[in-house]
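Since the structure comes first, as structure tokens, the remarks are kept for the end.
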There are 4 protein chains.
Amino acid sequence: MKALTLNADRRLSLAAHPKPEPRDALDVTVEVVQSGICGTDRSVLVGKFPAETGVVMGHEAVGVVDSVGAEVTRLAPGDRVVINPTLYCGTCPTCLEGHWDFCSNKAGTEVGLDYDGSFADFIRLPELFCHRVPDEMSFDRAVVIEPLTCALNNVEAGRLQPGETAVIVGAGPMGVVTAMAAERYGARVLLLEPDTTRRSLAQEVFSSPEFGERVTLHHPEEPELTGRGNLVIDSVGNQLERCLDYTATRGRIVIMGFNSNASATVQPLKLLQDGVQIIGAGDYNSMLFPKAVELARSMPLERVITHRFTLEEHEEAFKVLAATPGVDYSALKVLLVPHSEGAET
Amino acid sequence: MKALTLNADRRLSLAAHPKPEPRDALDVTVEVVQSGICGTDRSVLVGKFPAETGVVMGHEAVGVVDSVGAEVTRLAPGDRVVINPTLYCGTCPTCLEGHWDFCSNKAGTEVGLDYDGSFADFIRLPELFCHRVPDEMSFDRAVVIEPLTCALNNVEAGRLQPGETAVIVGAGPMGVVTAMAAERYGARVLLLEPDTTRRSLAQEVFSSPEFGERVTLHHPEEPELTGRGNLVIDSVGNQLERCLDYTATRGRIVIMGFNSNASATVQPLKLLQDGVQIIGAGDYNSMLFPKAVELARSMPLERVITHRFTLEEHEEAFKVLAATPGVDYSALKVLLVPHSEGAET
Amino acid sequence: MKALTLNADRRLSLAAHPKPEPRDALDVTVEVVQSGICGTDRSVLVGKFPAETGVVMGHEAVGVVDSVGAEVTRLAPGDRVVINPTLYCGTCPTCLEGHWDFCSNKAGTEVGLDYDGSFADFIRLPELFCHRVPDEMSFDRAVVIEPLTCALNNVEAGRLQPGETAVIVGAGPMGVVTAMAAERYGARVLLLEPDTTRRSLAQEVFSSPEFGERVTLHHPEEPELTGRGNLVIDSVGNQLERCLDYTATRGRIVIMGFNSNASATVQPLKLLQDGVQIIGAGDYNSMLFPKAVELARSMPLERVITHRFTLEEHEEAFKVLAATPGVDYSALKVLLVPHSEGAET
Amino acid sequence: MKALTLNADRRLSLAAHPKPEPRDALDVTVEVVQSGICGTDRSVLVGKFPAETGVVMGHEAVGVVDSVGAEVTRLAPGDRVVINPTLYCGTCPTCLEGHWDFCSNKAGTEVGLDYDGSFADFIRLPELFCHRVPDEMSFDRAVVIEPLTCALNNVEAGRLQPGETAVIVGAGPMGVVTAMAAERYGARVLLLEPDTTRRSLAQEVFSSPEFGERVTLHHPEEPELTGRGNLVIDSVGNQLERCLDYTATRGRIVIMGFNSNASATVQPLKLLQDGVQIIGAGDYNSMLFPKAVELARSMPLERVITHRFTLEEHEEAFKVLAATPGVDYSALKVLLVPHSEGAET
């Protein structure tokens, strides 16, 4: 089969790769229909996030079950599935307390980083991590379930309550999905983005009547944003100090974007007096995944998809996601489609 | 009556002062039995915390009701009371949502700062802020209820769960009371203090059999403290960076000590990946006060009292609380007793 | 002024009544624009709920400030307001703990029951209980804020989570508003109603595009309802046993409808084994009111209004709400409009 | 080896039984040191709870690891362990959401009911369900960890807060352990028991100084119990109606005792108006077990043990737990000790 693997020089190359078959009795092989490109994928390629040389990258995927191991009971060939890439062992002390997202045995189980991922024709995973896509749900919606789970994790870590105002910093694909999640949790959402193109792309996403006027787009410099957020989510990862300005008394800030270089200075007395909290949410706990599948039924997640490319076009796919100084972003969620003829639109 | 008032040069002086009488129909005048000295009082005298010149200082007090306004129904002269100094208006939009601790009309209502306090023979307060001391409870225990309420607020903001480990940084009077509170909430408590004398004073407090071995004293440099705290409370106010070392994965840090000069650098990615939260708790909500009265019934709070002085001895009283370079702290909670003959021991 | 007062024989009569003026310095007199009829009002008239003879009934009201007491600061004549009828003293021990909904001094403060209410040209209330209607919000929407607050209280007591399924039993006005609330809190909602007319009225309410397909109407006998509800709310008040059938494992049932005659038999072991909870929510805490005002901004609450009558037409107004054996209900929310010329549609 | 197995006529018989050896690579065989007798065990023998004929009964056990499967990594022969008998599959949809206590594949995994249990010389279990006993902890304390986990589950389901009052109905072994748990969670505890002997046995348990005066014993008929409990736990299982009397406004009732015949009548309107909740907690989620191990470090659980018998003496052991009309209960927790010479006291 074809697969995009990571070179020693942090580049992707498309090459023939052995098709994975169920190895353990509980394994499932899935024919990939399409995969989203995640910010982490880009971070790997620019050297900001570790990954193993030779790995097949990609972890946001939907597909069709191709073959199953001997003890698989919940899935059968032909089933439409969405992949939950957050593998956990289930037996370490951390897992025994239910904190699967902090599993002590993650080495070799990080899909697309040190475990072969979904930028390929096929992917193999334990049955546990393949969730059936509801019949009436398109693959375009389902492929955004994984980012949605991540968004839910951050929204819940921030203890967002209906009737509160959420400020989401950054209208990239994750910012947009997080804004959708916050709206679904009953909040009024202010989505901030300096890039004009991205701001209009996001504006377009939220023009759907079901959002009413609950999600609005703003330039991050608008003065009336000060103190507005009961919850402020930094989807960029280096905006903590700025987020403090956006935070209301008794507000919470959630750090969502991965940024290995970011550092911030805080005044403890100010946090104390304003009753402000700064929250690191960790990865999402796999328990959240079924909830994301359920919520996706009534969320037009597919609106965040702006581009789709074949595996062969991977360089172009990553390019539309890259920020060039002085040039606007042009994309939100970008998909890689192994079998372009099968791509649903 | 006698009262300790604040001079323009940030010093206290003992002077004759008009005895306060109930002014509004819901006012109560309380004859002060004794008052604790709070860290904030010291901060005022060293210029780190604002207060109005001429004010009678002091806000941790117990006493006996002397006289009551025409519409007071819950209290009568002779009743033993403890004072809740966190006045709120009850009618501003913040109060209407129950966030009394963030009342918008605090000006002129901060007991001991811009509203005459308890370092005096008498104090006047609305009935609402005088809580009856349970019959079987000593004034020595009751005078620590106010600091306990503050401790509860921080412990609850940190969402401490039974079975967790709490690391309390600093074994001054607030650190010790907070350690008591954390123990009562079901935690194992590690109380950190570099000062040898304070460490032994605190050790003595927790030698009471009802604490079992659940509260232990430690030097802050002990290497095995790393990553131990599910909850870490900084009772000093400038130890945030250090607290990050003490915090376990998925742990919470609560900033408790007031320190207007403190600043700290944090790495957002580290908070994110470790699932760590930094929490400013604000002042306590007055709703917590009845809970503190109830919990005090079974907590030997009086063990934290190490000294008591008359109002005349106020300079000496503040001196035992002062840190002199190279000299150990010698006190935990220090009381001021207007009528020394009436002081209970 | 005109007012509908309660006779000794539990009937309403329209009569001249002295116009209320601000009596205390914090009082406000509001000219009533319109009032909703609540189920409780009907219960009073059929003798199922106590009320004082001679009282002006009505407690769901919007209007315009007519005059204000000397110390009123937040409101001025001409301001558009919605009334929160849940008066509390703020000073009893229960109020001091923030449980305003269980205030110990309710006698003489129950609006429309033993305190003159809003089925009149004017009503007098403490400023605290008059909330400004947002500028862009119609009176038709605002008049449903009070029932919405009640709905929020029950939905929150049931700890409804986004992604869960809520079963609401009864599509009367409260059932419909509760379904709207549950949808806004992120749930999929199944609204049950045996009455054909009411079912189509409710269906019409939820045909608005912003509800997507998240709220669906069902006959209570549909077999596929068994075990569906993570949260089941009985808006009728005598359906507890039936609700147990609708409840999923680990589900919660909230009793919402007032029914003084209802009684139910439960099997404790079944509750234990299924992890089911039966929840009485009490009245709403006044703290919820501002949240309801905020949420109402993006909820088309006015869709629940089906009828409006003048005070003179009160008998007809109550009649459309009455169930006659064999005849379908014909109304959802019914309004009484003192000044019909001023009624907004 | 010796084992107590269940006959077709619901009696236990001591017989030779094949020693279980690790079967799967993750299995562990534990040499049983001692087992507690649970109320469920008695219910099986009197025909009130189902169990499979031929099964080795018993599920509250501590012991020493005898042998381990090929892939066991956390345990080795000689390790002291306590058994968590709540097996779950980890792969069904319910388990995937973390609700292990409602696992869909329980058939054949109920230790001591349809999976060979601990009233035997040895027991085999997956490594996952064997928790290391802390070095300093006695087997007598550790054998009560399983009942403690059950108690924690009920206390947490009842959302007990520090400073609240818990009323525990029934001072049998579970009632006493639950009272200990409630005390440790910060509550004042009223423990009710009509049986004079049991009341004094329980009184003796709580005479240890670490409980202060926080746990008191009461006859269930004491009139001052009315409305006292913020949380009321029915450890008997047929006292729901009575519990309603003990419950304070806004209180919660948790049904804990298994009683297949119990039925209760409730008035929905009363629950609504008083804000009362009736809670079925389900079995405990295995996630709670590590917390129970940690809390046991500072809880004198061994005080609840009143008797120990050899397997040969099983009839006598069950007899001391049986209620004979007119005769007082004489026991709290009763242990069965396979190797009496090794029993720790």
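Read the figures in this text as sums done on the coordinates, not as results from a lab. Just so we're clear, the structure is a prediction, and the values are computed from it rather than from any experiment. Note that each Cβ is placed from the backbone with ideal geometry, even for glycine, and that neighbours are counted across all protein chains shown.
A few comments on the model shown:
- Other residues with beta-carbon under 9 Å from the beta-carbon of A:V72 carry, at +1 per Lys or Arg and -1 per Asp or Glu, a net charge of -2.
- Under 5 Å, built H, 5+ apart or other chain: amide partners of C:V72: none
- Cα gyration tensor shape for the stretch B:1-150, rounded if a/c is under 1.5, else prolate or oblate: rounded
- Cα-only Debye scattering, the stretch B:157-280: base-10 log of I(q)/I(0) at q = 0.09, 0.13, 0.18, 0.19 Å⁻¹: -0.22, -0.46, -0.88, -0.98
- Counting Cβ atoms of other protein chains within 10 Å of each residue's Cβ and taking the mean over peptide B:278-285 gives 6.
- Phi angles of the stretch A:152-157 translate, via the Karplus equation with coefficients 6.51, -1.76, 1.60 and θ = phi - 60°, into HN-Hα couplings of 4, 4, 6, 5, 6, 4 Hz per residue; Gly and Pro are given as x.
- For the stretch A:255-294: rounded, prolate or oblate by the Cα gyration tensor [a/c cutoff 1.5]: oblate
- Placing unit charges on the Cβ atoms of the charged side chains and taking the dipole of the stretch A:157-280 about its Cα centre, the candidate lying farthest along the positive direction among A:I255, A:Q273, A:S208 is A:Q273.
- Interchain or long-range residues, amide H under 5 Å from B:V254's placed H: B:V232, B:I233, B:D234, B:I279
- The stretch B:157-280: relative contact order as a whole-number percent, Cα under 8 Å and 6+ apart: 25 percent
- In the assembly of identical copies, C:K270 has its label point, taken 7 Å from Cα in the direction of the beta carbon, separated from the corresponding points by 2.0, 5.6, 5.8 nm (ascending, one decimal).
- The HN-Hα couplings worked out from phi for the stretch B:182-199 by the Karplus form 6.51 cos²θ - 1.76 cosθ + 1.60 (θ = phi - 60°) are 5, 4, 5, 8, x, 9, 8, 10, 10, 10, 9, 7, x, 6, 4, 5, 4, 4 Hz, whole numbers, x standing for Gly and Pro.
- Cα gyration tensor shape of the protein assembly as shown, rounded if a/c is under 1.5, else prolate or oblate by comparing a/b with b/c: rounded
- From phi via Karplus (6.51, -1.76, 1.60), per-residue ³J(HN,Hα) for the stretch D:47-63 in Hz, x at Gly/Pro: x, 9, 9, x, 7, 8, 4, x, 6, 7, 7, x, 9, 10, 9, 10, x
- Cβ-based exposure ranking for C:E294, D:E316, in which fewest neighbours within 10 Å come first: D:E316, C:E294
- Restricting the calculation to Cα atoms, the stretch C:32-71 shows an Rg/Rh of 1.11 when the hydrodynamic-style radius is the Kirkwood one.
- Relative exposure of C:L75, B:L335, judged by other C-beta atoms within 10 Å (fewest first): C:L75, B:L335
- Net charge of neighbours whose Cβ lies under 15 Å from the Cβ of D:T226, counting Lys and Arg as +1 and Asp and Glu as -1: -3
- Each Lys and Arg Cβ is given +1 and each Asp and Glu Cβ -1; about its Cα centre, the stretch B:157-280 then shows a dipole of about 380 debye.
- Among D:D328, A:D41, C:D101, the ranking by other beta carbons within 10 Å of each residue's beta carbon, starting with the fewest, stands as D:D328, C:D101, A:D41.
- Of all DSSP beta bridges confined to chain D, the antiparallel ones make up roughly 50%.
- For B:A8, label point 7 Å along C-beta direction: distances to other copies, nm: 7.3, 7.9, 10.3
- Relative contact order (%) - the stretch C:213-345, alpha-carbon pairs under 8 angstrom, separation at least six: 16 percent
- Stokes-Einstein diffusion for chain A at 4 °C, viscosity 1.567 mPa s, with a Kirkwood radius from C-alpha pairs, works out to 63 µm²/s.
- Closest approach to the axis carrying B onto A, counted by Cβ on chain B and given in whole Å with its residue, is B:I278, 2.
- With K and R counted +1 and D and E -1, the other residues having a Cβ less than 14 Å from that of C:K333 yield a net charge of -1.
- Label-point separation in nm, B:K270 to D:K319, each point 7 Å along Cα→Cβ: 6.7 nm
- Simple spin-label estimate for B:K48 and C:R11 in nanometres, 7 Å along Cα-Cβ: 7.6 nm
- For chain D, adding -39500 (n - 2.57) for each run of n ≥ 4 DSSP H residues and dividing by the number of residues yields -6000 deg cm²/dmol at 222 nm.
- A simple spin-label model places pseudo-atoms 7 Å from Cα toward Cβ; at B:E204 and B:E241 they are separated by 3.5 nm.
- The antiparallel fraction among DSSP beta bridges confined to the stretch D:157-280 stands at about 0%.
- Sorted from nearest, the other copies put their A:E136 label points 3.1, 6.0, 6.3 nm away, the label point being 7 Å from Cα in the direction of Cβ.
- Reported to the nearest whole Å, the Cα centre-to-centre distance from the stretch B:263-283 to the stretch C:276-345 is 46.
- Rel. contact order, % - alpha carbon contacts under 8 angstrom, at least six apart, the stretch A:95-233: 21 percent
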